[in-house]
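The values are calculated or read from the model by the stated rules, or taken from the named source; none is laboratory data. Keep in mind it's a predicted model, so treat the numbers as computed, not measured. Reconstructed Cβ throughout: ideal geometry from the backbone, glycine too, with neighbour counts over all protein chains shown. Remember, those area values only see protein heavy atoms, side chains included, never the ligands or the DNA or RNA. Shrake-Rupley method; radii C 1.70, N 1.55, O 1.52, S 1.80 Å.
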Amino acid sequence: MDTEKVVTYCGLSCLDCHGHTQKIPDLARDLRKELRRVHYEKFAKTISALPFGSAFQNYQECYDALGLMMKFRCTKGCRNGGGPPSCKIRNCCQDKDLKGCWECEVFETCGNLDFLKANHGDGHLKNLAFIKKNGMERFVKGKRSW
């Protein structure tokens, strides 16, 4: 395995991403297939009329969300063109000729990383500090924050 290909610029690892492992997209695909096979939309419509089944009124939204989950796949990784093309973090690192944010003096306070907090808390910052101290190889082989 090429370690550098699975370590993102922002301190995450493709190995932890459901888009890269494709487990969630595959499960969503399989669930949609089974829902169609058993005509679950009919069950949802019937049970949604009952007082305890009102949540089934949103069945189509759930089914549509599974469709979106199926599409979230990334086989390239961010270093090879995967992820959003306009990623500020990737663009910043490439402009500065850095392997990742851990090589930058201000990564602890960088505003480009702020959007990750909603999903990762400070996991990416812990990872960046670990990579800076121990390197990418140890990061990939060890326990990573997500």
Residue check: is Lys5 closer than 24 Å to Phe130 by Cα, out of contact with any Ser or Thr (no Cβ under 6 Å at 6 or more places or on another chain) and in a helix (DSSP H, G or I)? yes
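Does the stretch 43-54 include one or more residues that are surrounded by 14 or more Cβ atoms within 10 Å (Cβ to Cβ) and not in a helix (DSSP H, G or I)? Write out each step before concluding.
Step one: of the stretch 43-54, the residues surrounded by 14 or more Cβ atoms within 10 Å (Cβ to Cβ) are 43-45, 47-48, 53.
Next, from what is left, pick out any that are not in a helix (DSSP H, G or I): none.
No, the stretch 43-54 has no match at all.
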Check on Arg79, part of a helix (DSSP H, G or I) and modelled with pLDDT under 90: yes
Just to be sure I understand, how many residues within the stretch 6-42 are surrounded by 14 or more Cβ atoms within 10 Å (Cβ to Cβ) and either on the phi > 0 side of the Ramachandran plot or of a type in the set (D, E, K, R) (or both)? 7
Which ones in the stretch 131-146 are open to solvent by less than 40 Å² (accessible area, probe 1.4 Å) and either outside any helix (DSSP H, G or I) or in contact with a Pro (Cβ under 6 Å, 6 or more places away or on another chain) (or both)? Gly135, Gly142, Ser145
Boolean, Asp122 is of a type in the set (D, E, K, R) and on the phi > 0 side of the Ramachandran plot: no
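Residue-by-condition table, conditions (1) touching a His at 6+ places or on another chain (Cβ under 7 Å); (2) more than 30 Å from Glu108 (Cα to Cα):
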{"position": "Val7", "(1), (2)": "no, no"}
{"position": "Gly11", "(1), (2)": "yes, no"}
{"position": "Gly19", "(1), (2)": "no, no"}
{"position": "Pro25", "(1), (2)": "no, yes"}
{"position": "Glu34", "(1), (2)": "no, yes"}
{"position": "Phe52", "(1), (2)": "no, yes"}
Being touching a helix residue (DSSP H, G or I) at 6+ places or on another chain (Cβ under 7 Å) and under 13 Å from Thr75 (Cα atoms) is the filter here, so list the residues in the stretch 9-18 that pass it. Ser13, Cys14, Leu15, His18
Can you name the residue in the stretch 102-123 that is open to solvent by less than 50 Å² (accessible area, probe 1.4 Å) and not in a helix (DSSP H, G or I) and is also nearest to Asn134 (Cα to Cα) among such residues? Cys104
So Gly11 passes all but one of these: (1) assigned to a helix (DSSP H, G or I); (2) under 30 Å from Gly100 (Cβ atoms); (3) not acidic (Asp, Glu). Which condition number does it fail? (1)
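Go through the residues of the stretch 76-96 one by one and say whether even a single one is open to solvent by less than 70 Å² (accessible area, probe 1.4 Å) and more than 29 Å from Gly111 (Cβ to Cβ).
no
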